[in-house]
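Here's the structure we're looking at; comments come further down.
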Amino acid sequence: MTLLELREKIGYHALLLGAVALAASVTLAGVDGKTRSGIAAAEQRDLQQSLAQVLPEGFADNDLLKDKVNLKRADGSAVAVFRARLKGEAKGAVFQMSARGYADEVVVLIGVDVGGRILGVRVLKHKETPGLGDKIEIAKGNWIRSFEGRSLGDPTAARFGVKKDGGVFDQFAGATITPRAVVKAVREGLQFFVANQPAIFAVPGKE
Amino acid sequence: MIAAILSLTLLGTLLGFGLGFADRIFKVESNPLIDEVAALMPGSNCGQCGFPGCSGAAVALVEGRAAAAVCPPGGKALASALAAKLSLELDLSKVADRGPQIASVAEDICIGCCRCIKVCPTDAILGAAKQIHNVIREACTGCGNCVERCPTEAMTLQPIPLTVQHWVWPKPALA
Amino acid sequence: MNDAPLLPLAAAPPVAAPHTYAARSVSTVMAWVMAALTPATVYGFWLYGWPALYLWLITIGCAVGGEAFCLRLMGRRPGPILRDGSAVLTGWLLAVSLPPWAPWWIGAFGGAFAAIFGKQVFGGLGQNPFNPAMVARVALLISFPVAMTSWVAPLPLGSAAAPGVLQSLAITFKGIPTDFDGVASASLLGYSKTEMTRGIDLLHSLAHAGAPGVAWGGFRPGSLGETAALLVAAGGALLLWLRIISWHTPAAMLAGIALPAAIGHALNPGQYLDATTHLLAGGALLGAFFIATDYVTSPNTPAGQLIFGFGVGLLTWVIRTWGGYPEGVAFAVMLMNVMTPVIDRYVKPRAFGRDRRGRPIAARRVN
Amino acid sequence: MGLMERLFKTPAWGVHPDDRKQPAAAVPLRVLPMPERLYIPLLQHVGAPARPVVLVGQPVLKGQLIAEPGGNISAPIHAPTSGTVIAIGDLTAPHPSGLTLPAITIAADGADRWAELHGCDDPFALAPEEITRRTAAAGVVGLGGATFPSAVKFSLGKRLDVGTLIVNGGECEPYLSSDDRVMRDFADAVVDGVRIVMHAIGARQALVGIEDNKPEAIAAMRRATEAYAEVKVCPVPARYPMGSDKQLIQTLTGREVPADARAAEVGVLVHNVSTCAAVHRAIRKGIPLIERIVTVNGGAVKNPGNLWAPIGTLIDDLLNFCGVVEAPARLILGGPMMGTPLPHGRTPIVKGASGILAFNAAEAAVPEAGPCIRCGSCAKACPMGLLPMEMAAHIRADSFKGAERFGLADCIACGCCAYICPAHIPLVQYFSHAKGELSAQERASLRNDATKRLVEARAARIERETQEKAAAAARRKAERDRAKAAAAALSTTVTAEEISS
Amino acid sequence: MASYKEIAEQGLWTQNVVFSQLLGLCPTLAVTTSGTNGLGMGLATTAVLAVSGMIVSSLRQWISPQVRIPVFIVLIAALVTLVDMGLNAYLHDLYKVLGMYIALIVANCSVLGRAEAFAAREPVFASGLDGLSMGLGFTFALTLIGLIRELLGAGTLFSQASLLLGPSFKFLETTVVADYGGFLLMILPPGGFLVLGCLLAAKRLYEARRAVAAGPLSPSAQPA
């Protein structure tokens, strides 16, 4: 029987498609095994890099990723807090906060020292208008650094807002909603930190 | 992982079987479209299209070997009907509408051989042996079969003159 | 008396009936619309000074230039086509919807964009699905939100603070000097929207806003030719009088804004602006009389125009109330432009002797 | 017009062109001196062409039948003057194509001698059928321009029990005033004709619709109808196309004629005022339709006005009589809204020729067409409620079926859309083109079907012949076999006998 | 069968996936916000095109026509998943930019299209070359559109190119207009349509002019 005749058999179609599927899935399984560790490592590296961005250099010597505590906010949402320690002593914490921006949630990562002073803020995720709202990214401008050194009393609660609302933080020309969202997220982050400070540092690190 | 591999393989095999069966069940034997197209054609089998008769032209049309404007006697009307039926491109301005034509007998040359009568697809020629033949205007399709057959060149195709009643306003030139 | 043959044999193809024509042509229609726009535009020049005039000239110039460029690319002579005036009108309509002190490149880009991407890429006059001026306005608003939302407070020509001829050139071509006072002013709609996002309701934020009288007179920040409601409406009335536009679209559009606004305001005055403010603010009147009535992009039948106009009005209100931008006329017009072919398909006039579905009516005999 | 009305009221249909009827309408009727030669086309009506019944060289008298009807819907043609038939042949038709029509040429003898006429003093004593017959014999056709044989309409009206006769004195076309003149100068004849037509179709009332821009005609007709209660003069607003049957019927009776139906189905019949006058002459005096009033008008004409002219007069003869101020830039048969452009002036007037317009260069200027801006003016103006711009867009793309879906068949080619179009798109020409192409396609497909039937008949014939031949061959073979068998049997018998013997 | 030169020419220009066939428009419009994104997406697609072409071609005798499309799809989907995992593991920074678009390559009709139209009929090497040249033509188109949108939208060229090509390509990253205000429309989806439309028009115009210049041969001979 020639190949051409064989190809017309029903069983041949099944066998062919089955064989191809088998070969494809075996290959993928193999490659998955090879790359899985690499992918996990890359993702860890990502998180570590962003954590490092909101902390000054040499601020901590522990592996923040492993020194993590999960807390709940008043509204029930979970917040993962990474604690920074230097020589075993608690120095500060890093956590995510979000607020509704112009297009979608703006997610920021906030680093705070034990005194409640902001060490650094970075935007992790946003869908704000490119060229307008995206000036909150560090790559597009230094605005996000204006939070550094601020704390809940500095400026006062009334002035913790954008300039248009009588606050101290700049808004950008043409966009108020995005910076307002970031400011709100940061303010709530600080409030969260202050309210939960004991809980954050109560649990010992798992180093 | 093994489960994923097995399920994908199984899925492939089953789909292969399914497709194989579907191939058997839905096998197309002949194309019913050809009959529908053939029904549109004049059916005079005049041969002007260059295909073996109207059914031959229908097969060619369905197989894409012929353009919608394949049939000169059908004119624009048939061309647009065919184009609509087969979703073919049609440029009406290119349809070889050389205008309707009709066969006519040059009475001083006709020898009354009766050969044209035999090839006329619509029995449009009257005549008997050794008698001058005549064309029935209403029945003649202008296919030209008789012209080829005539031994004395007494048969010619003449354009049907345009009359006031049949004149059509030209389409306005595009602005 | 002349006995010679009176006419040579006709060589040219015959000209079909009718052999007489109404006086109104496309270019006269365009000219009348421009005439109707003139009062509001000239008032805008006075109110906002020389920069407004420069911007207007640049916008129209670039619209005409963009159209000529496209026609040249297509190998057609631009002269006769430009003379129909539609490119000038497109540029004009765009210009009156721009912030009067916008930089020159806003007008230049907008004018060219309207002519090229709003109109010519679709095949020129009569083929564009969207109102070209609104296409350009939306493109500008999306691309340059800062420049497109920087309004100026009125500085009438002749007043002490108004910039002179040369200083105005600098404003248009180099930008507004930073030491100029009263420039970054918000339009009423923009102001109420920002206040709302701060959580300040309309009752408080609008306590100091002008009464409708200001809106009718137009002495307020806003687009170049949109602020004087009275003059825009007068232009609209002229077009209605000349029967260049019919009342259906403007009336339906204004109703489409006013009805939901009135209902919303009655339910919650702190959350929803009142109908009068909606009608007199922003581009509502200009849109109703000059934009939504654009022949090419709106339906042809009176019933279709009522649907279209009401849709534009309703969408305008929806966008103003819940949307991201303070003003919504341009978006609303474009959204309804998309619906125009659908409306035209389903809303057809009843043919003589037929019912609405096209079947012959039953004969009713005399006596 | 009130402010609110101006702003908010949209006219239901039609346009209001400058009527330009003056000064021609006010000039008294003039009689054209008999031309030397008359050229009478054999197709001057809707339907089949007439068949000539005279021979070249034959002398004819004024009013003598020279061509008989060529079919059921057709009309006879009579000699407009006495003289000799000098040719029967082709002549440039009064038609935009410049193609020819068969025509009879008569050289007038100048005597203008009448043939024997058979009038009737009391037409109301005649049976309606007899009036219809006499009208048909007189060759009367609709003189408003449609040229439908009037007698055919009479029998239709009689059959469908039409109660109302509408008399069309609308004459809404600019420039034209021939109907106006007929009503002013021959009001009694018109009213008598109206009453005869009513008798012929059995109508109980007649409504004479006259546009209100013809006050003299209204007054004259009112005077003439004073004695007859059943004939009412009804002024109608001057608005084009008021002279169109369906629009006039709607204005006068409020009834809308259904699509694809005839006026008779709503119980009315429309006849033009000039047609009624022609019926009066045909019945009372026995004079066939050989002369009519023609408006000669236009910027190129020196003395515009209405002429009483025999059918078959060359247009050049009419223009020469009225004088021209410049060579006409365009000649039109009929009005400017629906009239036919003519290739030249050496073509005759026909029964339906209500006017000849000679335009000067300014009037003939054709504005250049631009792209459609979808302003909808055409749709507003269309008296039939169609969407001309949509139809034209389809036709532009050669989609005639698409145009049909938008109601091309309902189009009455009144010209309102093309008149009002600000882009000056020749909409009517698009529609005429499409209608012509559609009917050509229709003819072609009918012919195709006929051809198919012929081919099938031939195939059947060949089949039958083959069978007959085969049967005949079989029969002959059987006969031969039988003969052979008989012969064999005989010989066998013989042999046997021989043996036995 | 076409010569290798013809295959390459067709892929790069005359039958260019984007400019002539108008295929694969989803990635074309979605990822070309910068030259770098376009280049990255193009190269990833090229890899899939070339390898899938060669695999399909080498299997072409065994593939029965009834099940060919599922077989192609499985092969292409597997390849794309491989690329996805590989990028994620070894070029993670680029993956962060392109990750969500990589999966789209499965649905890129040019890949299945080449498998159907070319690889299923031609030998392995020719199929690989066809995939490569089609892919490079696609890459060229995406990079060009990306560069134009990036230049008009952000005033830069090849920003973040070092993420894709390595630090040694840092020199590609140019800021053409410093302190550029930004032309958002170009970065937003409509910009993709506008730029693609203009490039298509320019290509037609160029070819029409060239056809006219070439002589009075029928203008319909130009590639559509």
- Where does the protein assembly as shown land at 222 nm, in deg cm²/dmol rounded to the nearest 500, when only DSSP H runs of n ≥ 4 count, each adding -39500 (n - 2.57), divided by all residues? -14500 deg cm²/dmol
- Task: Send over the per residue convex hull volume for the protein assembly as shown, Cα only, as a whole number of Å³.
- Result: 315
- A 1.4 Å probe over the protein heavy atoms gives chain D a carbon and sulfur accessible-area percentage of 55
- Task: Could you tell me which of the pairs B:Lys118/D:Lys477; D:Lys158/D:Lys232; B:Lys27/D:Lys452 are separated by over 30 angstrom between their Cα atoms in the structure shown?
- Result: B:Lys27/D:Lys452
- Once phi is turned into θ = phi - 60°, what whole-Hz ³J(HN,Hα) does the Karplus curve with 6.51, -1.76 and 1.60 give for every residue of region C:149-163, x standing for Gly and Pro? 10, 9, 8, 10, 6, x, 10, x, 4, x, 6, 5, 7, 5, x
- Query: Put simply, what bits of region E:26-72 lose 40 Å² or more of accessible area when the other protein chains are there, versus the chain on its own (1.4 Å probe)?
  - Reply: E:Gln61, E:Trp62, E:Ser64, E:Gln66, E:Val67, E:Val71
- Highest mean packing first, using Cβ neighbours within 10 angstrom, the peptides D:252-262, D:290-300, C:13-23 sort as D:290-300, C:13-23, D:252-262
- For chain B, the Rg and Dmax computed from alpha carbons only, in angstrom: 25.8, 96
- Item | Considering only chain A, percent of DSSP beta bridges that pair antiparallel, nearest 5 | 95
- Query: If the cut-off is a Cα-Cα distance under 12 Å, which aspartates and glutamates reach A:Lys125, setting aside same-chain residues fewer than 8 apart in sequence?
  - Reply: A:Asp104, A:Glu105, A:Asp134, A:Glu137
- Charge dipole of region D:1-148 built from unit charges on the beta carbon (Lys, Arg +1; Asp, Glu -1), centred at mean Cα; most positive-end Cα among D:Ala79, D:Pro96, D:Pro52 is D:Pro96
- Rounded to the nearest 100 Å², the accessible area buried between B and A, both sides, probe 1.4 Å, is 1100
- Among all lysine pairs in region D:238-397 that are eight or more places apart or on different chains, how many have alpha carbons less than 28 angstrom apart? 4
- Counting only heavy atoms of protein chains, what accessible area per residue, in Å², does chain E have with a probe of 1.4 Å? 45
- Task: Let me know the charge dipole size of region E:4-214 about its Cα centre in debye, to the nearest 20, where only the beta-carbon of Lys, Arg (+1) and Asp, Glu (-1) is charged.
- Result: 360
- In whole angstrom, how long is each semi-axis of the equivalent ellipsoid of region A:3-52, when you take the square root of 5 times every eigenvalue of its Cα gyration tensor and sort them from largest down? 44, 8, 6
- Descending packing, highest mean Cβ count within 10 Å first, for C:46-59, B:112-125 is C:46-59, B:112-125
- Item | Area hidden from solvent between C and D (accessible, protein heavy atoms only, 1.4 Å, total, Å²) | 5700
- Work out how far the C-alpha atoms of region D:191-339 reach from end to end along every principal axis, then list the three figures in whole Å, largest first. 50, 36, 32
- Message: Just to be sure I understand the model, the point goes 7 Å from the Cα along the line to the Cβ. What's the resulting C:Val342 to B:Ser87 distance in nm?
- Response: 2.5
- Item | Under 14 Å, Cβ to Cβ, from B:Thr122 - net charge with Lys/Arg +1 and Asp/Glu -1 | +3
- Message: If N is the number of residues in region C:249-354, what value comes out of its Cα radius of gyration divided by 2.2 N^0.38 Å?
- Response: 1.11
- Item | Added length on full extension, which subtracts the Cα-Cα distance from 0.36 nm per residue, C:Leu157 to C:Leu259 | 32.9 nm
- Query: What is the dipole size for region D:24-355, taken about its Cα centre, with +1 at each Lys and Arg Cβ and -1 at each Asp and Glu Cβ, in debye to the nearest 20?
  - Reply: 140
- Query: Given charges of +1 on the Cβ of Lys and Arg and -1 on the Cβ of Asp and Glu, with all other atoms neutral, how large is the dipole of region D:351-501 about its Cα centre, in debye to the nearest 20?
  - Reply: 340
- Query: Looking only at other chains, what is the average number of their beta-carbon atoms within 10 angstrom of each beta-carbon in C:350-358?
  - Reply: 6
- Query: Short version: which residues of region E:170-216 lose at least 40 Å² of accessible area, all chains versus chain alone, 1.4 Å probe?
  - Reply: E:Phe183, E:Leu184, E:Leu185, E:Leu188, E:Leu194
- Note on the structure: Two pseudo-spin positions, 7 Å from Cα along C-beta at D:Ala238 and at B:Phe26, lie apart in nanometres by 7.1
- Note on the structure: Result for chain C: accessible area per residue, probe 1.4 angstrom, in square angstrom, of 41
- Item | D:Asp90 paired with A:Leu71, simple spin-label distance in nm, labels 7 Å along Cα-to-beta-carbon | 10.6
- One computes Rg over Rh for region D:369-501 from alpha-carbon atoms, with the Kirkwood Rh, and obtains 1.77
- Note on the structure: Any residue on another chain or 5+ positions along whose placed amide H is under 5 Å from the amide H of C:Ile245 is listed here as C:Leu240
- Relative contact order as a percentage, chain E, C-alpha pairs under 8 Å and 6+ apart, gives 31
- Query: Within the accessible area of chain A, what % is carbon and sulfur when the probe is 1.4 Å and the other protein chains stay in place?
  - Reply: 54
- What percent do you get for the relative contact order of region D:1-132 when only Cα pairs under 8 Å and 6+ apart count? 22
- Using only the alpha carbons of region A:57-202, determine the length spanned along each of the three principal axes and report them from longest to shortest in whole angstroms. 46, 32, 29
- Item | Lys/Arg +1, Asp/Glu -1 at C-beta; region D:169-233 dipole; positive extreme among D:Gly169, D:Thr225, D:Gly209 | D:Thr225
- Note on the structure: In terms of the charge dipole of the protein assembly as shown, which places +1 on Lys and Arg and -1 on Asp and Glu at the beta carbon, the residue among B:Pro73, B:His133, D:Thr466 farthest towards the positive end is D:Thr466
- Message: Which cysteines in chain D lack any other cysteine whose Cβ sits under 4.7 Å from their own Cβ?
- Response: D:Cys120, D:Cys172, D:Cys234, D:Cys276, D:Cys322, D:Cys372, D:Cys375, D:Cys382, D:Cys411, D:Cys414, D:Cys416, D:Cys421
- Message: Using only alpha-carbon positions, what ratio does the radius of gyration of region D:4-105 give when scaled by 2.2 N^0.38 Å?
- Response: 1.63
- Message: Net charge around D:Leu176, counting only other residues with Cβ within less than 12 Å of its Cβ (Lys, Arg = +1; Asp, Glu = -1)?
- Response: -2
- Debye log10 I(q)/I(0) at q = 0.22, 0.30 Å⁻¹ for region B:101-161, Cα point scatterers: -0.76, -1.48
- How high is the relative contact order of chain C, in percent, with contacts defined as C-alpha pairs under 8 Å that are six or more residues apart? 17
- Message: What is the percent carbon and sulfur in the accessible area of chain B, measuring with a 1.4 Å probe over the protein chains and ignoring ligands?
- Response: 60
- Message: Taking every DSSP beta bridge with both residues inside the protein assembly as shown, roughly what % is antiparallel (nearest 5)?
- Response: 75
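The values are calculated or read from the model by the stated rules, or taken from the named source; none is laboratory data. Here the structure is a predicted model, which is why all the values come from computation and not from measurement. Note that each Cβ is placed from the backbone with ideal geometry, even for glycine, and that neighbours are counted across all protein chains shown. Heavy atoms of the whole protein, side chains included, go into the accessibility calculation; ligands, DNA and RNA do not. Shrake-Rupley method; radii C 1.70, N 1.55, O 1.52, S 1.80 Å.
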